[in-house]
Amino acid sequence: MEVIAQKYLKGLNIPMSKLANATYEITQNGFEAADGNNSKISLQVVGEGIIRVHATSNLNNLPISALEKYGFISGQPQKVDCRISQDEDKVVLCTDEMNVVVDKVTHKLTCTDSNGNLLVQSADRFGVSFRNRGYRVSLSSDKDEKYVGFGDQNRDGIEYKGKQAIMWIRNVTCYIPVPFFMSSKGYGILANTTWKHYFDMGFTDAGMCYWDVTGGNPDYYIIYGPTFARILDRYTGLTGRPPIPPVWSFGLWFLCRDDANDKEVMSNAQNFRDKDIPCDVIGLEPGWMAKYYDFSTKREWHPERFNMPSWVARGNRTFISALKRMGYKLELWECNDYDLSYEADRMAKYISTESKDPTPAAHAESSISMRE
C-alpha cells in the first residue's frame, strides 16, 4: 500500500494554503473566511449534528459539487438553531450538540461536543492545503482512535487506524469505495468529491489522518453521533436512505461450481430441502454461458449444461421454474460493459404496475418471471 500511495502522490507540489490575512463574515448558518484574492472557506451547519466545510482557492463563489448536482448528496441545508460570535482572536459557532472554534491567526478548526469533549481538530488553515489542481485535508488523530468505513474498499479488515484507503474502483479488490468513515470518538467524515483520492488514517503519521484529492475543491462534512447508529442515521439523511432489501436476500446463498449443469443444480437444491437446511438463493458461475465470460448483451445458455429448447424456454418446465416452485431465487454471474439497470428498472416497474403491486419484492419477482 505504501508503494501505491507514493506512486499516486508522485509529482504533487504542496504549496501552503492562502488565507494569510483572512477576514471572517458571519452568515445565516455559519461563517466564511476570505482573503480578498478569491480564496474562501465556508463553514455551515447544514443539519442536526452536521457541519459542512467547503473551500476554494481561485473562485469568487463556492462551486456546486457533482454529488450535489446529481442528487447523491442533499444540497438543501436544514434550519438548525445555532449561535455565532466572534472577537479579535476567534470565531465561535454553537449548536445544541456541537461547538466549533476557529482561531483567527492560525485558522485552526476545533470541534467539540456540547460537553467539551474533543471530536475533530484540524491542522492550520482549516486543515486545507491546495496542491496543484488538487488539495489535502488534514485532521488530528488520537493514539487510541479507531476508524471504520470506506465501503467495499478492501477485504483485509474493517478497522483502518494505521492504514490507507484508495478511493478508486478496482476489479475484485475495490468494488464500491465510499469516501465516508466513522471514528470511535463519536463523529464521521464524508468527503464530498468524485475525484480520485486516498485516505491516510495514521499510516504516515500516527497523530494525523488526511485525504489527498487529485482535483476539485475541498469539501467535507463533519457528522456528530456520538453513536455509530446516530452517525449513520444522519449520514443517510444527507445521502439518501437505502431501501430495505427483501427478507430472502439475507438468507443462505449457495453458488454451484463453474461446470455445473441443470441436473447438478437441481440435485443441490433438493439436497438442501431434504436435509432441512434453509437456503434462499441458488447461484450459477460464468460456466452457465455458452461463451465463457460473455461481455455482450446477447448471452445464451450453455447448450450442453443448460439445454433450453425453444419450445420450453418460456414455459414452466425449465429448471428455473422448478427452482422457483421449490422456493429458490436464481442468481446468475453476469459480466457487462454496459449499465442496464435503467432498462431493468423500467421493465420491473411496468410489470409490477400490471400486477398492481408496487413493492420492490414484486419488482424482483417480475424480473425473474421475465427471464423464464
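Readers should treat all values here as calculations from the given coordinates under stated rules, not as data from a laboratory. Remember, it's a predicted structure, so these values are computed and weren't measured experimentally. FYI the Cβ positions are ideal-geometry reconstructions off the backbone, even for glycines, and counts take in every protein chain you see.
Observations, loosely collected:
- A straight Cα-to-Cα reach below 17 Å connects Lys163 with the aspartates and glutamates Glu2, Asp142, Asp144, Glu145, Asp152, Asp200, Asp205, Asp212, residues fewer than 8 places away in its own chain not being considered.
- Checking the cross-link pairs Lys104/Lys196; Lys40/Lys104; Lys69/Lys161 against a 22 Å limit on the alpha carbon distance flags Lys104/Lys196; Lys69/Lys161 as lying beyond it.
- Residue of Asp200, Asp212, Asp96 that the Gaussian network model of the chain assigns the largest fluctuation, springs spanning Cα pairs under 10 Å: Asp96
- Antiparallel bridge percentage (DSSP; both residues within the chain; nearest 5): 90
- Candidates Pro303, Pro218, Pro77: whichever shows maximal mean-square fluctuation once the chain is modelled as a Gaussian network with Cα springs under 10 Å: Pro303
- Under 16 Å of direct C-alpha separation, and excluding same-chain neighbours fewer than eight residues apart, Lys298 reaches these aspartates and glutamates: Glu334, Asp337, Asp339, Glu343, Glu372.
- Normalised by the number of residues in segment 217-351, the mean separation of alpha-carbon contacts (under 8 Å, six or more apart) gives a relative contact order of 21 percent.
- Separation between Cα centres of segment 82-127 and segment 210-280, rounded to whole Å: 38
- Most mobile of Arg325, Arg52, Arg230 in a GNM of the chain (Cα contacts under 10 Å): Arg325
- Taking Cα atoms only, the orientation of helix 360-371 departs from the longest principal axis of the chain by about 40 degrees.
- Structural descriptor for the chain: relative contact order 11 percent, calculated from alpha carbon pairs under 8 angstrom and at least 6 residues apart.
- log₁₀ of I(q)/I(0) at q = 0.13 Å⁻¹ - the chain, Debye sum with one point per alpha carbon: -1.05
- Convex hull volume of the C-alpha atoms in segment 247-338, normalised per residue: 110 Å³.
- Each other residue within a Cβ distance under 11 Å of Cys82 adds +1 if Lys or Arg and -1 if Asp or Glu, for a net charge of -2.
- Local net charge near Val100, Cβ-Cβ under 14 Å (Lys/Arg +1, Asp/Glu -1): 0
- If you take all other residues with their beta carbon under 12 Å from the beta carbon of Tyr175, and give Lys and Arg +1 and Asp and Glu -1, the sum is +1.
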